[in-house]
Every structure is written in structure tokens, then in C-alpha cells.
Amino acid sequence: MDILQTLTDLWESSGFHSFLVDGGWKNLIMIVVACALLYLGIKKKFEPLLLVGIAFGCLLVNLSYFTPESTDALYHPELWSAFLDKESEFYHSYGHVMANGGLLDILYIGVKAGIYPSLIFMGVGAMTDFGPLISNPKSLLLGAAAQMGVFLAFFGAVLLGFTGNQAAAIGIIGGADGPTAIFLTTKLAPELLGPIAIAAYSYMALIPMIQPPLMRLLTTEKERKVKMEQNRVVSKTEKILFPIIVAMFVILLLPSTAPLIGCLMLGNLWRECGVTERLSDTVQNALMNIVTVFLGISVGATTAADSFLNLQTLFIILLGLTAFCFSTVGGLLVGKLMYVLTGGKINPLIGSAGVSAVPMAARVSQVEGQKANPSNFLLMHAMGPNVAGVIGSAIAAGFLLAVFG
Amino acid sequence: MNFFALAVVKAVDSGTKMEIGDAAITAIFGYAVVFFGLVLLMAVLYITGAIFSNKEKKSAEKEKTAPAKPVETAPAPVPKPEPVLAKGSAGHIKLHDVPDKEAAMIMAIVADTLQTPLNELHFISIKEVNKK
């Protein structure tokens, strides 16, 4: 046995050696990025349930994948390039991925096929009480208005030179809805999944910092002090009918929304119908947790250094922030309009909750409302636009998918 | 592909760079579609809401007009059984002049302000303080 040769082979096959050749330094930077994301998730509690998984997925892929020859890698971008290449013999071949992929490649199939985001939506539906929206259907206008950032960011992305598909995927960050952003991006621009998912979840966590300055800038003290009347009580039958009506109506209008809206409404029906508590409980807890594990780690795996460290990522981060801000502005402006039209009965602060991010955005409305008037309780009023935003962002995604898919 | 997509798709070749004009049209049209969808849904919700409100009103009126039931001798009061505590519950809370809903809201606000999960807090009683 040639000990020296063995030691040389061991050194050359190690990741430490790979850092020093063929742009391996990029992986080092990505490892630092992963550690920064872990810090944000664990210490700063930025959407920790997903961000910790995404960050660790990022760490794993950048520790194991350096070049297409990295046989022990957990994730292989080139397999997915072949999967998407119409000229390749492996076009849309999951078998090829299963046979040659690493652990994260196999988990990523659930993202690619749109399974995880849809299942997350099922859990969200089972956890959401649509009562505030049913009792005050005007909330839907605020949910629609708050999609402004989606389309402005889309336009901005086109101006910056992104293709239509990529611009659509970037724009949906403004919907403030992680599963929708992941769902649309895997369909339209899978090469951007890493930066888009990270931007979407980071900004969702930053909502308590992003929204309040805009809310104070766009509303007067008098508007913020408005106390809203209590909404009517919604009957059990209405709550049962709601998911059925929404599913029929929205899916017929935009068939491409079927996976998201279908799962959201099925989850909600399980919650409300009163005869499927076991299923509702499983979807809200066990299934949601399992899917979150797979979704986080496999999305993190798409942040291989070569595809992440470029100018596009910087643009995506900036466009994502723009999208969030304009979505908030859109909701607030329509909130102000409703304040005027109703003779001061609607507090415009609930408009900012029209971005999805349930229930964080509604809580921000509550906090700002109470700062202006300590006896103000806007939480339930803001939940209406908040859940309307979930439906609104799914419709926006459905439209973009219909146009660019 | 449905009719919304068909309306703009001629201007859009999804995999290539878009013209600015096409992007502007797509953005405006997309925003309009979101509004259109949600406004229609709002109309549907108003209609179903009106139907249910009418039903409730009618049943309330029926109850009013119905002849009063003969007064029955009240049975001896049965002592209320102590409700079974949920698993992990910290016990009961005493409410003095505070409705259940308001109490729930107060507890949620306290938990949020303290940044502590509700199941880690133990509320003993909530009482409305009269300022007079």
C-alpha cells in the first residue's frame, strides 16, 4: 500500500481540497451565507421553522457539491438541468433523478412536482378561520389591492432584464406567501428557487419592521384611531359552504390555481365540517411539520454556489423588498379609499394586512392601531384582508402560471 | 390555457426577454384579473350572507310570533358537574363581569406582549375594573 498516494487521494477527494480549486471559494462564501441564515433563523427567529431547514440545506449542498463530478453530493444541479432540457434524453425523467441523485435530489422531487407547497396550503387551510372574511366580504378588496407589489415587481424585473418567466416568479414574492412563491417558481423559473424562497421567507419575517413605517407614512392619526364595529356572527353552515364555493368559483375562473386553492379549501373544509376532526388535526400538525421538514431542506439545496452567487440574486433581493413595500402600499391606499367611502367606519390600517403572511400582517395592524388608540382591537378585522390575501396571491400566481406556464 | 391567458399570451414568449410595453400590459391585466376574481367572490359572499341573514331573521320572527309555551314546573336544579380539564391545562379561570370572548382576547394580548406561549401562562382570574 502506497501510504503517500493514499493520503494524496484522500486529500484530493476531500471538500477542503475542493475549496482551493475550480471556484471552490464560492462554496466557502455560501457556507458563510448559510451560517448567517442559521443565525437569523435561530437567534433572531426569522421564520425559524422554514429558514433553519433552508439554511441547513444550503450548508449541506455547499459542503458536498463542488463540480458535476462530485459523486457524493446530496444534490446535483446538472440532473435537474437535464430534467428541464427538452433536447436531453432525460427530459422530465424522474427515474433518472431517482437513479443518479443524492438524498436532497430525491426530496426535491416533491418541490418540483408541486406537492409540498400544496400540502402546506392544506395545513394553512385547516388552521385558518375564514369567519372574519365571510362576515365582512369587503375585505377581499383589500386582499386584491395588496397584490400590487406582485405586478410592480414583475414589471421591475422585466426592466432589469429578466425573462417573462423569471420576472413572474420574482414578482410573486410580493404576495408574501412562501408556498405560493415556491410553487410558482418551480413551475416557471426553477433556477431561481433558492434566492426567491430565501427572499420571500426573510421578508415575511421582517414584516413587523417593513410595514409600520409605511403605515404611519400613509395614514393620519385620525384614521389610525378609528374603532371598527364588531362584525356579524357567521353561522356554521356558512363556514362549511365557504370552502366549497371558493374552490368551485376560483378554480373555474383560473384552473391553474387548482392545486393551491383546492388544497387550501379542502384543509378548511376538514376544519369546519365538524366530522373530520382527526384529519384536520393531522393536517394542521403532523403533516404540516413533516412537509415543512422536506420543503425547507430541499429548497435550501437549490442554493448551490454557482447558481446563487451572481448579480441576479442581488436583484431578486431588491425586487422582493420593493414588491413587499408596494403590496403594503396598495392595501393601505384602498383601505384609505374605503375609509372615505364608508364615512370613516373602516380603519385603513387593516389594508396592510392584505399581504398574505398570516397572521403576522394582521398582528402588525393590531399593534399599530393600538398605538394610536389603546382601546382599538383591529386583529379580527385585519384577519379578513389577511386571509383574502392568501386567496388573492393564489389567483395572482394562477394568472402568471396561465400566461407564462 | 384559459381565456385570461389567451388575451395576453400573444405578446408574451415566456422564455425570452419581454418588451416593456408587453410587460406593462401583462402587469395591469394581471392586477385587474385579481380584482375581478375577488370582486366576483365578494358578490357571491354577499349573496350567501344575505340568504343566511334572512333565514335567521325569519326564524327569529317565528319564535316571537309562536304562542308562549305553557310554564312547566322547574325541575330541581342539578348541580353542574365540574368540567373535565383538557390535557396540559393549568386549571380554570374565574371571570368577573368579563365575557368569554373578551377574556380570550386579553389572554392572547398578554401572551403576545410577553412573547410567551399561552400554554406557559397561568391566568387565575380576570375582572373588569370600574373606573368610576
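With helices as the sole contributors, chain A gives -22000 deg cm²/dmol at 222 nm; each DSSP H run of n ≥ 4 counts as -39500 (n - 2.57), and the sum is divided by every residue.
Pairs with C-alpha atoms separated by more than 27 Å, drawn from the list A:LYS239/B:LYS55; A:LYS345/B:LYS101; A:LYS43/B:LYS94; A:LYS236/B:LYS57; A:LYS222/B:LYS57, are A:LYS43/B:LYS94; A:LYS222/B:LYS57. Straight-line reach from A:LYS371: taking Cα to Cα under 12 Å and skipping same-chain neighbours fewer than 8 places apart, the aspartates and glutamates in range are A:GLU221.
Counting 0.36 nm for each residue step from B:TYR46 to B:LYS64 and taking away their Cα separation leaves a gain of 3.8 nm. The listed peptides A:345-353, A:205-213, ordered by packing as a protection proxy, come out as A:345-353, A:205-213 (highest mean of other Cβ atoms within 10 Å first). The mean sequence separation of alpha-carbon pairs under 8 Å and at least six residues apart, normalised by the residue count of region A:291-405, gives a relative contact order of 18 percent. Relative to the longest principal axis of the Cα atoms of chain A, helix A:148-159 runs at roughly 40 degrees.
Are there GluC sites (Glu not before Pro) in region A:185-288 that DSSP marks as loop and that have at most 14 other Cβ atoms within 10 Å, and which are they?
Within region A:185-288, the qualifying GluC sites (Glu not before Pro) (loop, at most 14 other Cβ atoms within 10 Å) are A:GLU229.
For chain A, the longest principal axis of the alpha carbon atoms and the long axis of helix A:258-272 meet at an angle near 60°. Highest mean packing first, where packing is the average number of other Cβ atoms within 10 Å per residue, the peptides B:101-113, B:39-51 line up as B:39-51, B:101-113.
Reported to the nearest whole Å, the Cα centre-to-centre distance from region A:107-148 to region A:250-313 is 9. Computed from backbone phi with θ = phi - 60° and the Karplus coefficients 6.51, -1.76 and 1.60, the 3J(HN,Hα) list for region A:365-376 is 4, 4, 5, 5, x, 6, 5, 6, 8, x, 9, 8 Hz; x is used for glycine and proline. Highest mobility in the GNM of chain A, judged by mean-square fluctuation with C-alpha springs under 10 Å and restricted to A:VAL246, A:VAL21, A:VAL61, is found for A:VAL21. So if I take the centroid of the Cα atoms in region B:101-116 and the same for region A:57-93, what is the distance between those two points in Å? A separation of 48 Å, based on Cα centres.
Straight-line reach from B:LYS58: taking Cα to Cα under 19 Å and skipping same-chain neighbours fewer than 8 places apart, the aspartates and glutamates in range are A:GLU238.
Among A:TYR65, A:TYR203, A:TYR94, the largest mean-square fluctuation in a Gaussian network model of chain A (Cα springs under 10 Å) belongs to A:TYR94. Highest GNM mean-square fluctuation among A:GLY384, A:GLY110, A:GLY123, for chain A modelled with Cα contacts below 10 Å: A:GLY110. Shape call for the protein assembly as shown from the C-alpha gyration tensor, a ≥ b ≥ c root eigenvalues: rounded (a/c under 1.5), prolate (a/b greater than b/c) or oblate? Because a/c hits 1.5 or more and a/b exceeds b/c, the protein assembly as shown counts as prolate. Taking chain A as the reference, fit the longest principal axis to its C-alpha atoms, fit the long axis of helix A:48-64 to the helix C-alpha atoms, and give the angle between the two in degrees, 0 to 90, nearest 10. With rounding to tens, the tilt is 20 degrees.
Using only the Cα atoms of region A:115-404, build the gyration tensor, take square roots of its eigenvalues as a ≥ b ≥ c, and label the shape rounded, prolate or oblate: rounded if a/c is under 1.5, else prolate if a/b is larger than b/c, else oblate.
It comes out oblate by the Cα gyration axes.
Under the shape rule built on the C-alpha gyration tensor, where the axes satisfy a ≥ b ≥ c, region A:112-200 is oblate, since a/c reaches at least 1.5 while a/b does not exceed b/c.
Among the trypsin sites (Lys or Arg not before Pro) in region A:83-182, those placed in a DSSP loop whose Cβ has at most 10 other Cβ atoms within 10 Å are A:LYS86. Loop-located GluC sites (Glu not before Pro) in region A:50-156 (DSSP state other than H, G, I, E, B) with a sparse environment of at most 15 neighbouring Cβ atoms within 10 Å: A:GLU69, A:GLU87, A:GLU89. Magnitude of the charge dipole for the protein assembly as shown, about its Cα centre and with charges confined to Cβ atoms of Lys, Arg (+1) and Asp, Glu (-1), is about 2880 debye. Peptide A:131-143 shows a mean partner chain C-beta count of 4 within 10 Å per residue C-beta.
Bear in mind that the values in this text are calculations on the coordinates, not laboratory data. These numbers were taken from a predicted model, which means no experiment stands behind them. Cβ sites come from the backbone with ideal geometry, for glycine too, and all protein chains shown count toward neighbours.
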